[in-house]
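Please read the structure below before turning to the comments.
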Amino acid sequence: MNPSKNSAEAANSLNVLFMLTILSLAPSILIMMTAFTRIIIVLSFVRTAIGIQQMPPNQILIGLALFLTFFVMAPVFDEINTTAYQPFIQNTITQEQAFTNAMTPLRTFMLKQIYPKDLNLFISLSKKSAPAKVEDIDNMVIIPAFITSELKRAFQIGFFIFIPFIIIDMIVSSTLMTMGMMMLPPMMISLPFKILLFIMVDGWLQIIKMLVSGFK
């Protein structure tokens, strides 16, 4: 049997195994290492603040979050395709080099979004000495620091989204109490006003604009 043929078959099998591994991890990578976390949490806050728990449906929110994520991450994905995926399938770089090249733009993106306080926390928790350069920071430090920063930023945005809708609820509740209409649920009256406010300020456009520009 030809040894070179066996080597080529073994290399192809390893490539297939590598690609299957990447595909199996793709959902986790998409959720934890991209803009998806912040976007889906903020969109959920918008729906909760208005007070309509089922509209838009979860499928719509997740779909919108996915497409916004692809829009925000397009430059990163293009760089990964150019520097890692295409050279790898053309057998010009090794698996290790492809992984390194793919992580470089992701690391750059995540580091831009991380709060220094969160990064320093995970560096200290790792029980390792502080790296001399940013390039020396371990991925196992960057990823949880990025997720923590994204959660913190998403909740900060959610807080400001709630404020105008809470004011409407307070005004409606006070008005109903003044009129002696104690048995009428305030939510029934305030909901149309909150939807009207959201429409008048073009809420979805403003939220999307804020989310996308926040990653620039």
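Search the range 81-126 for residues being within 29 Å of Ala154 (Cβ to Cβ) and assigned to a loop (DSSP other than H, G, I, E, B), and hand back the single one that is farthest from the chain's Cα centre (by Cα). So the residue we want is Ser126.
One residue is enough: does the range 158-166 have a residue meeting the conditions over 30 Å from Phe193 (Cβ atoms) and aliphatic (A, V, I, L, M)? The answer is no; no qualifying residue exists. Phe88: modelled with pLDDT of 75 or more, of a type in the set (Phe, Trp, Tyr) and open to solvent by less than 50 Å² (accessible area, probe 1.4 Å), yes or no? Considered against the rule, which asks whether it is modelled with pLDDT of 75 or more, of a type in the set (Phe, Trp, Tyr) and open to solvent by less than 50 Å² (accessible area, probe 1.4 Å), Phe88 comes out as no. Among the criteria (1) assigned to a helix (DSSP H, G or I); (2) over 28 Å from Ser190 (Cα atoms), the one Phe159 does not fulfil is (2).
Residue count for the range 112-137, restricted to those that are modelled with pLDDT of 80 or more, of a type outside the set (A, V, I, L, M) and closer than 21 Å to Val76 by Cα: 3. With respect to being open to solvent by 80 Å² or more (accessible area, probe 1.4 Å), more than 12 Å from the chain's Cα centre (by Cα), polar (S, T, N, Q) and at pLDDT below 85, Asn6 falls outside the description. Only one of the numbered conditions (1) touching a residue at least 12 places away in the same chain (Cβ under 8 Å); (2) out of contact with any Asp or Glu (no Cβ under 6 Å at 6 or more places or on another chain) is violated by Thr148, and that is (2). Residues in the range 18-52 that are within 21 Å of Met73 (Cα to Cα), at pLDDT 85 or above and surrounded by fewer than 20 Cβ atoms within 10 Å (Cβ to Cβ): how many? Count: 2. Could you grab me the full set of residues in the range 29-40 that are in contact (Cβ under 8 Å) with a residue 24 or more places away in the chain, within 12 Å of Leu66 (Cα to Cα), among the hydrophobic types (A, V, I, L, M, F, W, C) and part of a helix (DSSP H, G or I)? Answer for the range 29-40, where residues must be in contact (Cβ under 8 Å) with a residue 24 or more places away in the chain, within 12 Å of Leu66 (Cα to Cα), among the hydrophobic types (A, V, I, L, M, F, W, C) and part of a helix (DSSP H, G or I): Leu30, Phe36, Ile39, Ile40.
The values are calculated or read from the model by the stated rules, or taken from the named source; none is laboratory data. The shown structure was predicted, so the numbers you read here are calculated from the model rather than taken from an experiment. Neighbour counts run over all protein chains shown; Cβ positions are idealised from the backbone, glycine included. These area figures cover heavy atoms from the full protein model, side chains too; ligands, DNA and RNA do not enter into them. Shrake-Rupley method; radii C 1.70, N 1.55, O 1.52, S 1.80 Å.
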